[in-house]
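Asker: Once you've had a glance at the structure underneath, I'll fire off some questions.
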Amino acid sequence: MSNPAPEYDPAHPWGGNSRNATVDVNEQYTGYEADYIFVTIMAFLVWLIIPGIGLLYGGLAQRKSSLALVFQSLAVAGMVTFQWMFWGYSLAYSRTAGPYIGNLVNFGMMEVQAAPSPGSAVVPEIAFCLYQMLFCAVTVQILIGGSFERGRILPSLVFGFCWATIVYCPLACWTWNANGWLYNLPSLDYAGGGPVHVASGWAALAYALILGKRKHKGEQSHGKPHNVTLVFLGTVLIWFGWFGFNGGSALNGSVRALYAAFNTNTAASTGVLGWITVDYIRTRGRFSVVGACEGAIAGLVGITPAAGYVQVWPAALIGFLTAAVCALMQDVNKWLRIDEGLYVFKLHGIGGMIGSFLTGIFADSAISALDGSTIAEGAWNGNGVQVGLQLVDIVSISAYSFVMSCVLLLILKFTPFMHLRVSEEVEMNGLDLDQFFDEQIGDSEWVRFEGEKITHGVPQPPRQSHSEPTSGEGSIDQEAVRTNSKQ
């Protein structure tokens, strides 16, 4: 029989005095080592989602603006790490938080060390802090997609820091802090349907709205992914990382964590089937690799709030329905008259709302109780009120994220030296040429940059040199340009 779970002692908020080995802080976790090791490994898996999103976004973009999105995956990870250590963790998870936001008792990582964490008594607070920090980083990386192909990088990172502070941290407090108002409502959100997906989807929509539409006259590549292989690789990393995202959210190594991991794979798989089914019908018998990848992501989004609450077959249905509905929303930008080119709102905003709603229907106390303590009943158990509580969750998070995102973006837009959008010339030439100084964009691109003026993505004839080329190599380069111009 294992030892009793450790308890937080307000008299020793650090978890014990480890200086000069006065106290062995590990002793309190004897018998629970597997739990905190499991959560820590799950955190490592979650980290893979960050570069996965970068590769996904980079592959979906035109080549001339691809590096800007890949770069921001690491830049966001760095920025959010600082924000979380500075005050983000305290604003979200301080034990003395109010119903809407935490205080600064853990400012600068104060008292965040070896004590039992607010989320789970069997996980040291430093491990819990790491795990939740990566959730914040993933969320900010998702919403950065709203700046697709016309947003400047530095203001984007500043916005991400402010958004994590003013939007994400309060929403995490609402949803997962024991003092949060949604937590006590209660709404059911196992791993982030609201704070992660719904919030980032509405924020990306706000970003695209404030930036305005892209310029693309004459660009044949507009709206088409430049590298489907990158899209596929990014999706693979996201899918793999989501085992940690959902599996680790039990915050212990219980059967519930394993069940959530199974549901994660199930929903992603049926999400692929749901999306390609819509594509097959719409295109009369054809498929799309990008569509299959979007279907997998939609399935992951839909199951995020439900993974530790629902049985396997409802999980399969959630993945299929979420992906199918998102696939049918292909004209959402046209309906809203907003150019949100990466469809973050379609996949994460709409997909997250569908998943949160379906959680209220299919939540089963028999599944939540697999961790030995949690009882969460949905309409599946006769608790129809839970569906209404999920709607309160969806509406409140959607409204708060969209309104506050718009306010933050408008403030930055009119702040000196903080121009959100690049010039039209930079947009036409590509963000990568303007924002980076040493990376190669691709062999065919260098020829164009050296001798051509790029107008709306259509190559123009090269400028005539004063001297004719004397080597075969120069003639080949010019012939390549002429060939590209004819295409």
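Asker: Given R₀ = 25 Å, what would the calculated FRET efficiency be for Ser18 paired with Val105, taking r from the Cβ atoms and rounding to 0.05?
Answerer: Working: r = 20 Å, r/R0 = 0.81.
For Ser18 and Val105, the calculated efficiency is 0.80.
Asker: Moving on to the next point. From the mean inverse distance of alpha carbon pairs (Kirkwood) and the Cα radius of gyration, derive Rg over Rh for region 137-235.
Answerer: Details: Rg = 16.5 Å, Rh = 15.4 Å.
Over the Cα atoms of region 137-235, Rg/Rh equals 1.07.
Asker: Could you tell me the relative contact order of the chain? Use alpha-carbon pairs under 8 Å, at least six residues apart, and round to a whole percent.
Answerer: Working: 974 pairs, mean separation 89.5, N = 487.
18 percent.
Asker: Starting with the highest mean, order 84-92, 167-175 by the number of other Cβ atoms within 10 Å, averaged over the residues of each peptide. Numbers along the way, then the final one.
Answerer: Numbers: 84-92: 24.0, 167-175: 27.0.
Final packing ranking: 167-175, 84-92.
Asker: Follow-up. Using only the alpha carbon atoms of the chain, find the Kirkwood hydrodynamic radius as the inverse mean reciprocal pair distance, in angstroms to one decimal.
Answerer: Numbers: mean 1/r = 0.0424 Å⁻¹.
Final number for the Kirkwood radius of the chain is 23.6 Å.
Asker: Further question on the same structure: If you roll a 1.4 Å probe over region 196-347 with all protein chains in place, what percent of the accessible area is carbon or sulfur? List each step's numbers first, then the result.
Answerer: Numbers: 3890 of 5980 Å².
For region 196-347, the apolar C and S fraction of the accessible surface comes to 65 percent.
Asker: In whole Å, what are the Cα extents of region 202-338 along the three principal axes, biggest one first?
Answerer: Extents along the principal axes, in whole Å: 56, 37, 28.
Asker: If you wrap region 56-106's Cα atoms in a convex hull and average its projection over all directions, what's the area in nm²? The partial results should precede the final answer.
Answerer: Details: hull surface 18.4 nm².
One quarter of the hull surface, i.e. the mean projection, equals 4.6 nm².
Asker: Turning to a different aspect of this structure: Stretch Met418-Val392 to full length: gain in nm at 0.36 nm per residue minus the Cα-Cα span?
Answerer: Values: separation 26, 0.36 × 26 = 9.36 nm, distance 3.55 nm.
Full-extension gain reported as 5.8 nm.
Asker: Placing +1 at every Lys and Arg Cβ and -1 at every Asp and Glu Cβ, with all other atoms neutral, what dipole size does region 302-401 have around its Cα centre, in debye to the nearest 20? Intermediate values should be presented prior to the final figure.
Answerer: Working: 3 positive and 7 negative charges, 51 e Å.
Once rounded to the nearest 20, the dipole reads 240 debye.
Asker: Turning to a different aspect of this structure: Starting from 0.36 nm per residue, how many nanometres of slack lie between Phe86 and Ser373 once their C-alpha separation is accounted for? The partial results should precede the final answer.
Answerer: On the way: separation 287, 0.36 × 287 = 103.32 nm, distance 3.32 nm.
Value of the extension gain: 100.0 nm.
Asker: Just list whichever of Lys213/Lys346; Lys64/Lys224; Lys224/Lys334; Lys224/Lys346; Lys334/Lys413; Lys64/Lys346 have alpha carbons separated by over 19 Å in the model shown. Show your work: numbers first, answer last.
Answerer: Details: Lys213/Lys346 17 Å; Lys64/Lys224 12 Å; Lys224/Lys334 16 Å; Lys224/Lys346 17 Å; Lys334/Lys413 24 Å; Lys64/Lys346 24 Å.
Going by Cα-Cα distance, Lys334/Lys413; Lys64/Lys346 fall outside the 19 Å limit.
Asker: According to a simple spin-label model (label point 7 Å from Cα along Cα-to-Cβ), what is the distance in nm between Arg284 and Thr96?
Answerer: About 6.9 nm, to one decimal.
Asker: Putting +1 on Lys and Arg Cβ atoms and -1 on Asp and Glu Cβ atoms, find which of Val46, Gly98, Met418 reaches farthest to the positive end of the dipole of the chain.
Answerer: The listed residue farthest towards the positive side: Met418.
Asker: I need the calculated FRET efficiency for the pair Gln113 and Val426, taking r as the beta carbon distance and R₀ as 30 Å, to the nearest 0.05. Working shown, then result.
Answerer: Values: r = 46 Å, r/R0 = 1.54.
E between Gln113 and Val426, to the nearest 0.05, is 0.05.
Asker: Projected onto the charge dipole of the chain (+1 at Lys/Arg Cβ, -1 at Asp/Glu Cβ, origin at the Cα centre), which of Ala296, Phe148, Ser200 gives the Cα projection farthest towards the positive end?
Answerer: About the Cα centre, the residue reaching furthest to the positive side is Phe148.
Asker: Rounded to whole Å, give me the distance from the Cα center of region 309-340 to that of region 1-71.
Answerer: The distance from the Cα centre of region 309-340 to that of region 1-71 comes to 30 Å.
Asker: When the chain is fully extended, how far beyond the present Cα-Cα distance does Val312 get from Leu328, taking 0.36 nm per residue of separation? Each step should come with its number before you reach the end.
Answerer: Details: separation 16, 0.36 × 16 = 5.76 nm, distance 2.46 nm.
Gain on extension, Val312 to Leu328, equals 3.3 nm.
Asker: Further question: What does the convex hull of the Cα atoms come to per residue for region 293-403, in Å³? All intermediate terms of the calculation are to be shown ahead of the outcome.
Answerer: Numbers: hull volume 11.8 nm³, N = 111.
Hull volume over Cα atoms, normalised by residue count, gives 106 Å³.
Asker: From the phi angles alone, apply the Karplus equation (6.51, -1.76, 1.60; θ = phi - 60°) to region 381-394 and give each ³J(HN,Hα) in whole Hz, x where the residue is Gly or Pro.
Answerer: So the Karplus estimates, Gly and Pro as x, are 9, x, 9, x, 4, 4, 4, x, 5, 5, 5, 4, 4, 4 Hz.
Asker: Which whole-Hz ³J(HN,Hα) couplings does region 273-290 yield from phi under the Karplus relation 6.51 cos²θ - 1.76 cosθ + 1.60, θ = phi - 60°, glycine and proline marked x?
Answerer: Rounded to whole hertz, the list is 5, x, 5, 5, 5, 5, 4, 4, 5, 5, 9, 6, x, 10, 10, 8, 5, 4.
Asker: Estimate the FRET efficiency between Phe436 and Ala399 by the formula 1/(1 + (r/R0)^6), using the beta-carbon distance for r and 41 Å for R0, to the nearest 0.05. Could the numbers behind the result be given before it?
Answerer: On the way: r = 37 Å, r/R0 = 0.91.
After rounding, the FRET efficiency stands at 0.65.
Asker: If you don't mind, another one. Relative to the first principal axis of the alpha-carbon coordinates of the chain, what is the inclination of helix 33-47, with its axis defined by its Cα atoms, in degrees from 0 to 90 and to the nearest 10?
Answerer: For helix 33-47, the angle is close to 20 degrees.
Asker: Per residue of region 312-328, in order, report the coupling 6.51 cos²θ - 1.76 cosθ + 1.60 (Karplus, θ = phi - 60°) as ³J(HN,Hα) in whole Hz, putting x for Gly and Pro.
Answerer: 5, 6, x, 4, 4, 5, 4, x, 5, 5, 4, 5, 5, 5, 4, 5, 6
Asker: With a 1.4 Å probe and all protein chains left in place, how much accessible area per residue does the chain have, in Å²? Walk me through the numbers before you get to the answer.
Answerer: On the way: 21040 Å² over 487 residues.
Accessible area per residue: 43 Å².
Asker: Ignoring ligands, DNA and RNA, please state the percent of accessible area on region 9-149 from carbon and sulfur, probe 1.4 Å.
Answerer: Values: 3600 of 5250 Å².
It is 68 percent, rounded to a whole number.
Asker: Arrange the peptides 119-128, 231-240 so that the one whose residues have, on average, the most other Cβ atoms within 10 Å appears first. Intermediate results must be reported in sequence, preceding the final value.
Answerer: Numbers: 119-128: 22.6, 231-240: 20.4.
Per-residue Cβ counts within 10 Å, averaged per peptide and sorted highest first, yield 119-128, 231-240.
The values are calculated or read from the model by the stated rules, or taken from the named source; none is laboratory data. All of these numbers come straight from a predicted model, not from anything done at the bench. Note that we place each Cβ from the backbone using ideal geometry, even for glycine, and neighbour counts take in every protein chain shown. The area values use the complete protein model at the heavy-atom level, side chains included, leaving out ligands, DNA and RNA. Shrake-Rupley method; radii C 1.70, N 1.55, O 1.52, S 1.80 Å.
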